[in-house]
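Written out below as structure tokens is the structure these notes cover.
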């Protein structure tokens with residue numbers, strides 16, 4: 001399988017090489033970072049109400065103090081869809097001084 005030559009393409013290639021079926025639905029974690037907790041909380045409140053991403057978690061990095069909202073989206077991990085979802089989440093986060101920090105896919109608990 002061929003993937004575009006960019007960060008998302010590289011990550012998809014690594015996931016495929018690990019034996020994960022990219023044609024199936026998965027829970028994708030998107031990471032949005034904030035310097036201020038209040039801004040992270042406001043973003044989390046807005047994004048929880050969004051049908052795309054109803055599951056979020058707010059955590060603080062112990063090393064940097066940066067606040068991270070982990071937003072989970074159920075989707076097929078397609079390169080184009082991943083990029084569009086990142087852009088959508090970042091467009092909302094930008095209004096709260098947040099910025100995207102990529103995405104990740106954990107193997108399903110069913111395995």
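Only the coordinates and a few stated rules stand behind these numbers; no lab work does. All values derive from a computational prediction rather than experimental measurement. Note that each Cβ is placed from the backbone with ideal geometry, even for glycine, and that neighbours are counted across all protein chains shown.
Observations on the model:
- Pairs of Cα atoms nearer than 8 Å and 6+ residues apart set the relative contact order; for the chain it is 36 percent.
- Between helix 79-93 and the chain: long-axis angle, C-alpha atoms, 0 to 90°, nearest 10: 0
- Nearest-ten-degree value, helix 7-17 long axis tilted from longest Cα axis of the chain: 50
- Along each principal axis, Cα extent of segment 23-105, largest first, Å: 37, 25, 18
- Theoretical ellipticity at 222 nm over the chain - DSSP helices of four or more residues, -39500 (n - 2.57) apiece, nearest 500: -11000 deg cm²/dmol
- Extension gain from residue 46 to residue 5, taking 0.36 nm per residue of separation minus the Cα-Cα distance: 11.5 nm
- As a rough guide to protection, the peptides 24-35, 9-20 ranked by mean Cβ packing within 10 Å, highest first, stand as 24-35, 9-20.
- Each of residue 57 and residue 79 was given a label point 7 Å from its Cα along the Cα-to-Cβ line. The distance between the two points is 3.0 nm.
- Cα-based helix-to-principal-axis angle, 37-48 vs the chain, degrees rounded to 10: 50
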